Amino acid sequence: MNSVGAVAAVTTPVEPPRDPLWERQWALSSNPGIGIDLLNAWSFSRGAGVVVAVVDSGIVSHSEFKGRLLPGYDFVSDPDVAGDGDGRDANPRDEGNYVDADFLRRTGLDGQCAVSDSDWHGTHVVGIIAAAIDRRGTVGVAPESRVLPVRVTGRCGGTERDLVDALRWAAGLEVAGAPVNLHPAAVVNLSLGAARPCTPRLQSVIDELSELEVIVVAAAGNENVDASTSTPANCMGTVTVTATGDLGQRAGYANFGYWVDLAAPGGEGGSSILSTVDRGLSIPEGEGYGGLNGTSMAAPHVSGVIALARAIAPGVSRIELIELLLSSLDPFQQDPQTLGCSVPNICGLGFLNATRFLTAVDARINPKVESDLPATLQVGTEVPFQMTVGGETTSVTVVTGSICEARDSVLAGLARGVCILRYSLDGDGETTPASSRTGEVSVRIVGLNPELVATSPKRMTVGARTLVSVTSTSEGARTITTKTPKVCSASPTGKIRALKVGTCVVRIKTTPTSLYEAGSATVTIKVRR
Ligand SMILES: [Ca+2]
Ligand SMILES: [Ca+2]
Ligand SMILES: [Ca+2]
């Protein structure tokens, strides 16, 4: 028997989208270790319906998200940071996170943040995940996913208290003062961080989300330090993502180390990640496209790919999906230029590969059944066999006990008919819909060919009678009929009467039995005057 790999081979090739900026989206290309090999992953899924929460700076309206933005929430408590004149509210619009001298003077936040233009961070992250295939602009990793924009940062950052409430709300949990989120997220993208340990409060809410099978993806941070110093990347249970550039190199800014799970494109220098933004330098002025670099851009590539997987595997557990993700990564480029990531425990276990991941998820939910069972087996004979489901040897039980018997990987044919064998792979059954790992295969048990001998006189005269005598190894019921009713008649018991000159042909048949196939014979008698 052929050995069965965990990953099935080829997928249907998918045509590249005609969105004009696609050609510049190197991060989505199929260059190993550089792009995430997205196109063929779309033959499995485009993330339809999966809810991805982008807990970030909010969002501006953009035609790339048309019809797929869910009602989010604005958890920014501080009106100065929010820039919308009040505390928390139901409108997660990104009012612009620009910082100017006036703002610093007024708020006394001088020293905590620098003067800068608005970067439309949340909108950029959403575009990486969910920009439409619409012959305009860019495309997102999961272009049919739905986005839940949850605002937690504004001008000069955000607070952990707001973040904790935002995370709970995104997962559908109750948060005082906010309406219940009717679209709980399957994936939460956290392209944000602060330089401190993971607090018990933040860890506890991430644990709550893990309990709900929500997958939380966190950016490793952009300080070129060990990611263990950056939260929430350093919380247990997050998928922590560092960033690479367009040569597959570790981005110079990217946090690294043991806490990093994997790497994805984040851009470096002029080779940035292109996505959706607003054109305004301070407040929103209208939709556009622009480039940003950061682990903030790497994380949503992973969130988007997880959304693709969730769309086809809603029943697979969070932990198993993460295991499949981390076991389907590409190796890092070994080129000296990419040194950094090819050293162990720097950029995680490998580089994101969407097609390999989706192929592995597909094999997991549609495990390939392979056996060396023959199509047919004769009654009274037996054959050794093996069966594997998804590469694992499985046992079988016989559904049709009177037809066949399976014992110690030997199948025996007992009686003519269809032998049905049921296989099931138990293992981690609690995380898997049982039906996906059970099924039936059949082998046709063929009977023996009966020996059927019929004898009669060779000649008769018109008006004479005779008897066909029949012997058979089969117990099957016999039918005796004339094929030439004008020349001779035949009774069911084999009495022949010659009617006119010619050739009398009589057909003898036996019906199939549990041991024998149907049998037939003919006799031919010349009828003379
Ligand atoms: Ca507000
Ligand atoms: Ca608001
Ligand atoms: Ca587009």
Nearest 10 degrees, 0 to 90: what angle lies between the long axis of helix 295-312 and the longest principal axis of the chain (Cα atoms)?
30 degrees
What are the ³J(HN,Hα) values, in whole Hz, obtained from phi via the Karplus relation 6.51 cos²θ - 1.76 cosθ + 1.60 with θ = phi - 60°, for each residue of segment 375-392 in sequence order, with x given for Gly and Pro?
5, 9, 8, 8, 3, x, 10, 9, 8, x, 8, 9, 9, 10, 10, x, x, 9
Using only alpha carbon pairs under 8 Å that are at least six residues apart, calculate the relative contact order of the chain and give it in whole percent.
13 percent
Per residue, how much space in cubic angstrom lies within the convex hull of the C-alpha atoms of segment 22-365?
118 Å³
Please sort 42-50, 383-391 by packing, taking for each peptide the average over its residues of neighbouring beta carbons within 10 angstrom, highest first.
42-50, 383-391
Asn31 long-range amide H proximity, modeled H, under 5 Å:
Asp37
Which distance in nm do the two modelled labels at Ala48 and Ser402 give, with both placed 7 Å along the Cα-to-Cβ direction?
4.5 nm
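In debye, nearest 20, what is the charge dipole magnitude of segment 381-427 about its Cα centre with +1 on Lys and Arg Cβ and -1 on Asp and Glu Cβ, if you could check?
200 debye
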For segment 352-369, in order, what is each residue's ³J(HN,Hα) by Karplus, 6.51 cos²θ - 1.76 cosθ + 1.60 with θ = phi - 60°, in whole Hz (x at glycine and Pro)?
3, 10, 5, 5, 5, 5, 5, 5, 5, 5, 4, 5, 6, 8, 10, x, 6, 9
Where in segment 283-369 are there GluC sites (Glu not before Pro) that are in a DSSP coil and have at most 16 other Cβ atoms within 10 angstrom of their Cβ?
Glu285
What's the magnitude of the charge dipole for segment 292-393 around its Cα centre, counting Lys and Arg as +1 and Asp and Glu as -1 at the beta-carbon? Answer in Debye, nearest 20.
400 debye
Using amide H atoms built 1.01 Å from N in the peptide plane, name the residues 5+ places from Val277, or on other chains, whose amide H lies under 5 Å from its own.
Gly288, Tyr289, Gly290
With θ set to phi - 60° and the Karplus curve 6.51 cos²θ - 1.76 cosθ + 1.60, what are the ³J(HN,Hα) couplings of segment 108-118 in order, to the nearest whole Hz, using x for Gly and Pro?
x, 8, 3, x, 8, 8, 9, 4, 7, 7, 5
Take every DSSP beta bridge whose two residues both sit in segment 22-365, then give the antiparallel share in percent to the nearest 5.
35 percent
C-alpha long axis of helix 200-211 to longest principal axis of the chain, angle in °:
20 degrees
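So how strong a dipole does the chain carry about its Cα centre when Lys and Arg Cβ are +1 and Asp and Glu Cβ are -1, to the nearest 20 debye? Kindly include the intermediate steps, with their values, before the conclusion.
On the way: 44 positive and 55 negative charges, 1265 e Å.
So the magnitude is around 6080 debye.
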I want the local charge near Glu23. Using Cβ-Cβ distances under 15 Å, sum +1 for each Lys or Arg and -1 for each Asp or Glu among the other residues.
+1
Compare the Cα positions of Leu448, Ile133, Ala521 along the charge dipole of the chain (+1 at Cβ of Lys, Arg; -1 at Cβ of Asp, Glu; about the Cα centre) and return the one farthest towards the positive end.
Ala521
Starting from segment 222-321, pick out the trypsin sites (Lys or Arg not before Pro) whose DSSP state is loop and whose Cβ has at most 15 other Cβ atoms within 10 Å.
Arg279
Of Glu475, Glu213, how do they rank once you tally other Cβ atoms within 10 Å and put the fewest first?
Glu475, Glu213
Output for segment 459-511: trypsin sites (Lys or Arg not before Pro) sitting in coil per DSSP, at most 12 other Cβ within 10 Å, listed by number, reads Lys486
With a Förster distance of 22 angstrom and the Cβ-Cβ distance between Ser442 and Asn366, calculated FRET efficiency to the nearest 0.05 equals 0.70
If I take the Cα coordinates of segment 114-161 and project them onto the principal axes, what are the three extents in Å, biggest first?
37, 25, 11
Ranked by Cβ crowding within 10 angstrom, fewest neighbours first, how are Arg106, Arg444 ordered?
Arg106, Arg444
In terms of Cα to Cα distance under 27 Å, which lysines are near enough to Lys486, apart from those fewer than 8 places away along the same chain?
Lys458, Lys495, Lys500, Lys509, Lys526
Once you order the gyration tensor axes a ≥ b ≥ c over the Cα atoms, which shape class does segment 483-522 get: rounded for a/c under 1.5, otherwise prolate or oblate by comparing a/b with b/c?
prolate
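Mind giving me the FRET efficiency for Glu160 and Val418? R0 is 60 Å, r the Cβ-Cβ distance, nearest 0.05 is fine.
0.40
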Measure nothing but the geometry: give the 0 to 90° angle between the long axis through the Cα atoms of 160-170 and the longest principal axis through the Cα atoms of the chain, rounded to 10°.
30 degrees
Listed residues Ser57, Phe103, Val81: farthest to the positive end of the dipole of segment 23-117 (Cβ charges)
Ser57
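Coordinate-derived values only; no laboratory data. If you're wondering where the values come from, they're calculated on a predicted model, not measured in any experiment. Please note: Cβ atoms are built from the backbone with ideal geometry, for glycine as well, and neighbour counts cover all protein chains shown.
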